[in-house]
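Take a look at the structure set out below.
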Amino acid sequence: MAVDEQCSGDRILYDPVGVDEWTMSDMLNAVTERYLMACTCPCFTSDNGNEDRVNWIMDRIKEY
């Protein structure tokens, strides 16, 4: 079994935008958090930041 782990693949489907309240401010904050939050894409990880990516991969292994 193979799972796409590239940022250009199906990663856009994970962590959908979550809105708590349907005010303009809250909707903008939700979109901002979703698209500007830390990415686990391999090209953005360093030795120190690799832990998030490894944890994400381990979660996918457990899920599949």
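None of the figures in this text is laboratory data; all of them are computed from the coordinates on show. These figures come from a predicted structure and were not determined experimentally. Cβ sites come from the backbone with ideal geometry, for glycine too, and all protein chains shown count toward neighbours.
Multiply the residue gap between TYR35 and LYS62 by 0.36 nm, knock off their C-alpha separation, and tell me the result in nm, one decimal place.
7.2 nm
With 10 angstrom as the radius, rank GLU33, GLU63 by how many other C-beta atoms surround their C-beta, starting from the fewest.
So the residues, fewest neighbours to most, are GLU63, GLU33.
Which of the peptides 50-61, 16-27 is most tightly packed, and how do the rest follow, going by the mean number of other Cβ atoms within 10 Å of each residue?
Going from most to least packed, we get 50-61, 16-27.
I want to check the label-to-label distance for ASP52 and VAL17. Put each point 7 Å from Cα in the C-beta direction and report it in nm to one decimal.
Using points 7 Å along Cα→Cβ, the separation is 2.0 nm.
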